[in-house]
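Below you'll find the structure, written out as structure tokens, and then a few comments.
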Amino acid sequence: MERIKQALDKARQERASHPATPAVEMARPTSPQEVQYTRTRTVKVPRNVLRENRIVTGIGEGPFSDAYKILRTQVLQRLRENDWNVLAITSPGAAEGKTLTAINLAASLAMEVDYTVLLVDANLRHPSIHEQLHLPPGKGLSEYLLDDEPVENLLIHPEGFDHLTILPGGRPLMNSSEMLNSPKMSRLVEEMKQRYPSRIVIFDLPPVLDAADALAFSPYVDAALLVVEEGKTGRQDLERAVELLGSTNVLGTVLNKSQPAN
């Protein structure tokens, strides 16, 4: 844990001497209208699925749910301070818990009465949000980008998660970095940012060091969170990941699989 903090501090100091271009100023979010899901499909997610997949923000109170509430508060403070509403979740390497963090954070943010949340599976090589929530397989972001499928036909509302909507990844794509960097994707992100000022958009991205996807997509988001795994994520990998994300604002790290101190 201490090594990770030292690495992040060092990377922040390096980025401070070469600051990124400020995000476009946006209107401060206001209270959303009552959400009514008319065209969006509503899918029931069994509680045992949430428990098995550690979606703790959907199964009541507890220490893990409280931890995500603390993360939610910290993230909201940074978003409000800068009038941001588009956040990326990624990690240096694979299997470090970024998708689990993205789902739990999105669900926790959706509990805030002043916001709605759109969670987008942008890990187009290996989309998995639908698997974590046991959503029916089907079309998603890939079909929007390649087949002109309207986004409103692809959205899913998981029952029991008020104010949360999910855009699945759809079919896996090998040319995912090119599609995430395409003009069509850029226009979609801009529309998501501007249409509803009280909506927070979270993109679950592939690991930074495994593919070019996160690097290609990072200029489109306002900020990013890095998920690291205790005992696995190395200092050099973390520093390299922060360096590659230099075009956006790295809010900090989320330590996953942390063991309590003795």
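The values are calculated or read from the model by the stated rules, or taken from the named source; none is laboratory data. All of these numbers come straight from a predicted model, not from anything done at the bench. Neighbour counts run over all protein chains shown; Cβ positions are idealised from the backbone, glycine included.
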(message) So, in region 150-195, how many residues would count as being under 16 Å from LEU215 (Cα atoms) and touching a residue at least 60 places away in the same chain (Cβ under 8 Å)?
(response) 1
(message) Condition first: part of a strand (DSSP E or B) and farther than 16 Å from TYR68 by Cα. Now tell me which residues in region 89-118 satisfy that.
(response) THR90, THR116, LEU118
(request) Output the residue which, of all residues in region 152-187 that are among the aliphatic types (A, V, I, L, M) and over 16 Å from GLU131 (Cα atoms), is surrounded by the most Cβ atoms within 10 Å (Cβ to Cβ). (result) LEU180
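Suppose we keep only residues that are part of a loop (DSSP other than H, G, I, E, B), out of contact with any Lys or Arg (no Cβ under 6 Å at 6 or more places or on another chain) and not small (Gly, Ala, Ser) within region 211-237. Which one would you say is farthest from SER177 (Cα to Cα)?
LYS232
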(message) Suppose we filter region 136-163 for residues that are within 25 Å of PRO197 (Cβ to Cβ) and of a type in the set (D, E, K, R); how many remain?
(response) 2
(message) Being under 17 Å from ALA95 (Cα atoms) and either at pLDDT below 95 or crowded, with 16+ Cβ neighbours inside 10 Å (or both): is that true of VAL208 here?
(response) yes
(request) Could you check how many residues of region 107-116 are out of contact with any Asp or Glu (no Cβ under 8 Å at 6 or more places or on another chain), buried (at least 23 other Cβ atoms within 10 Å of the Cβ) and among the hydrophobic types (A, V, I, L, M, F, W, C)? (result) 2
(request) All but one of (1) farther than 20 Å from MET192 by Cβ; (2) not in a helix (DSSP H, G or I) hold for GLU243, so report the exception by its number. (result) (2)
(message) Please count how many residues of region 127-144 are under 15 Å from the mean Cα position of the chain (by Cα), part of a helix (DSSP H, G or I) and under 12 Å from PRO172 (Cα atoms).
(response) 1
